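The values are calculated or read from the model by the stated rules, or taken from the named source; none is laboratory data. Owing to the predicted nature of the structure, the values given are computational and were not obtained by experimental measurement. Every residue, glycine among them, receives a Cβ derived from its backbone with ideal geometry; neighbour counts consider all protein chains shown. These area figures cover heavy atoms from the full protein model, side chains too; ligands, DNA and RNA do not enter into them. Shrake-Rupley method; radii C 1.70, N 1.55, O 1.52, S 1.80 Å.
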Amino acid sequence: MIIAPSLLAANFGRLAAETVRIDRAGADWLHLDIMDGHFVPNISFGPQVARTIRPFSKLFFDTHLMCSRPEILLKPFAEAGVDQMNIHVELGDQVTPLIWKIKSLGKKVGLAINPPTGIGMVKPYLDQIDSLLIMTVNPGFGGQEFIHETLPKIQQACAWRLEKKLGYRIGVDGGINFNTAAECARVGADTFISGTGLFSQRSLRSAIAKMRKIASAAGQKCG
Ligand code: DX5
Ligand code: ZN
């Protein structure tokens with residue numbers, strides 16, 4: 001089980017110190033939410049911030065590009081030292097060239113899917129990706145409520161993984177707290193992106209450990 005705190009919920013006034021705090025709190029990955037004000041109605045931060053915080057942690061940097069034109073950002077993020085880049089399946093024809101571009105930069109590939117998009121859309125790409133990121137809220141903002149209707153998509157992704165003997169991770173992102181992490185783990189999720197759910201707790205370290213424990217206990221090979 002991978003627990004990936006989202007930097008979006010950290011204190012933006014001290015991102016380097018927050019990176020160190022997340023690292024020392026026992027996180028597995030650090031999730032970086034990149035919003036362009038076009039694909040989603042919000043703007044977060046870009047490659048320069050990733051580059052600035054990179055020296056403060058050896059954690060796996062998981063970048064989530066909620067961007068209409070990720071092609072212009074792939075090289076800058078690769079050079080900033082991130083480990084994985086997630087692009088959205090909603091980009092249609094651009095998905096295949098984007099996957100190849102990420103691979104050519106030597107980075108791991110993630111494919112993200114929004115709540116209204118049918119899970120069938122990701123099927124053609126499953127043998128080309130390292131990670132599938134199932135959005136459990138409509139992207140753009142932290143602190144939103146988990147959308148339960150996304151649970152069958154997790155289950156389907158898990159069934160396909162077994163059937164096709166593939167090894168992609170199944171991530172969930174949005175509204176993940178101790179309860180919803182357990183619900184997702186029960187149907188096959190193994191990677192938990194969480195902002196508010198973790199940062200609202202008094203101790204980040206115990207929150208991460210607790211979420212990992214709950215997810216492991218609820219986890220299934222397939223729900
Ligand atoms: C949503 C982002 C998420 C977000 C999760 O647009 O992709 O990664 O940071 O935040 P919470 O856990 O607060 O819903
Ligand atoms: Zn995200």
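Restricting A50, A16 to residues that are touching a Pro at 6+ places or on another chain (Cβ under 9 Å), in a helix (DSSP H, G or I) and open to solvent by less than 10 Å² (accessible area, probe 1.4 Å) narrows the list to A50. Selection of the stretch 21-44 for residues being part of a loop (DSSP other than H, G, I, E, B), within 12 Å of ligand 1 (Cβ to nearest atom) and in contact with a helix residue (DSSP H, G or I) (Cβ under 9 Å, 6 or more places away or on another chain) yields F39, S44.
Restricting the stretch 139-164 to residues that are of a type in the set (F, W, Y) and open to solvent by less than 40 Å² (accessible area, probe 1.4 Å) leaves a set whose member that is nearest to I129 (Cα to Cα) is W160.
Cβ-Cβ below 8 Å, separation at least six or inter-chain, first residue in the stretch 60-74 and within 15 Å of ligand 1 (Cβ to nearest atom) and aromatic (F, W, Y), second assigned to a loop (DSSP other than H, G, I, E, B) and open to solvent by less than 10 Å² (accessible area, probe 1.4 Å): which pairs? Close Cβ pairs satisfying both conditions: F61/V82.
Looking only at the stretch 212-223, residues that are crowded, with 17+ Cβ neighbours inside 10 Å and under 16 Å from A27 (Cβ atoms) come to 3 in all.
Taken together, G167, G175, G106 contain a single residue that is within 16 Å of ligand 1 (Cβ to nearest atom), farther than 22 Å from G92 by Cβ and open to solvent by 10 Å² or more (accessible area, probe 1.4 Å), which is G175. Which of the residues that make up the stretch 181-200 are open to solvent by 10 Å² or more (accessible area, probe 1.4 Å) and of a type outside the set (A, V, I, L, M)? Across the stretch 181-200, the qualifying residues are E183, R186, D190, G195, T196, G197, F199, S200. Taken together, E90, E79 contain a single residue that is at pLDDT 95 or above, open to solvent by 50 Å² or more (accessible area, probe 1.4 Å) and in contact with a Lys or Arg (Cβ under 8 Å, 6 or more places away or on another chain), which is E79. Which condition number in (1) farther than 17 Å from S6 by Cα; (2) within 15 Å of ligand 1 (Cβ to nearest atom); (3) buried (at least 16 other Cβ atoms within 10 Å of the Cβ) is the one that M135 fails? Only one criterion in (1) farther than 17 Å from S6 by Cα; (2) within 15 Å of ligand 1 (Cβ to nearest atom); (3) buried (at least 16 other Cβ atoms within 10 Å of the Cβ) is unmet by M135, namely (1). The residue of the stretch 201-211 that is farthest from I170 (Cα to Cα), among those that are touching a residue at least 24 places away in the same chain (Cβ under 8 Å) and open to solvent by 70 Å² or more (accessible area, probe 1.4 Å), is R205. Scan the stretch 12-70 for residues that are hydroxyl-bearing (S, T, Y) and closer than 19 Å to R212 by Cβ and the total you get is 1.
Here is the figure for the stretch 196-211: residues that are among the hydroxyl-bearing types (S, T, Y) and within 16 Å of ligand 2 (Cβ to nearest atom) total 1.
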